[in-house]
Amino acid sequence: MTVASERDRRMEANLGALAAVQRPVAERLCRPVLDGHLSVSADGSLQVQHHNRVLELGLPSGERDELVASVEPDQDVLLFGAGEPELVVRLLAAGNRVTLWDRDLAVIRHAFYTVELHDALLGGSLRVLMGVDLLDALEHRDRFAFVAHPIQMALYRAESFLWETGLPSR
């Protein structure tokens, strides 16, 4: 099997599982989206063009280890940013239930092409939220351990501020 067909197989399995458990999210993920700001480095990690700079979203293994160790096993985790797909895998392997959020649908698509998530989606240990869906998670933010991709935390300043401060009163 070629690398491209393996990536396509992962995407198809992951998207099929997402459609089975979160159909509206899967439909949104299938809509056209611009991805010219993303590239993949020689080692396979995601890069994002931000203004005049290219930022590497892949994390060193030590940093992934620290992020995973920052939460107890069997916790509900909100993972803020999908730029390091291996982080999702590691949190799930530690026994956590993960809600993955990202503003950028193209970044979530990259994760779906990169790692096997279909079993976790079908088993209920992984949920996916995109964009404005963060507001749904904010209503229950006290139940989540918060794990943030460090670069995406800085890129998504408005959303990270909203998560830190909570929903304003009506």
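Details
- When residues of region 109-119 are limited to those that are of a type outside the set (G, A, S) and open to solvent by less than 10 Å² (accessible area, probe 1.4 Å), the one nearest to R9 (Cα to Cα): F112
- Taken together, A20, A4, A26, A13 contain a single residue that is of a type outside the set (D, E, K, R), part of a helix (DSSP H, G or I) and open to solvent by 70 Å² or more (accessible area, probe 1.4 Å), which is A20.
- Flag if R127 is modelled with pLDDT under 95, open to solvent by 20 Å² or more (accessible area, probe 1.4 Å) and over 20 Å from L46 (Cβ atoms): no
- Restricting attention to region 7-34, the residues that are over 19 Å from W101 (Cα atoms), of a type outside the set (D, E) and at pLDDT 95 or above total 3.
- Enumeration of residues in region 41-95 that are small (G, A, S), open to solvent by 40 Å² or more (accessible area, probe 1.4 Å) and assigned to a helix (DSSP H, G or I): S61, A69, A93
- Only a single criterion out of (1) open to solvent by 80 Å² or more (accessible area, probe 1.4 Å); (2) aliphatic (A, V, I, L, M); (3) under 22 Å from Q49 (Cα atoms) is not satisfied by L122, namely (3).
The values are calculated or read from the model by the stated rules, or taken from the named source; none is laboratory data. Every value quoted in this text rests on a predicted model; they were computed, and no experiment measured them. With ideal geometry, Cβ positions are generated from the backbone for all residues, glycine too; neighbour counts draw on all protein chains shown. Surface accessibility is based on the protein's heavy atoms, side chains included, excluding ligands, DNA and RNA. Shrake-Rupley method; radii C 1.70, N 1.55, O 1.52, S 1.80 Å.
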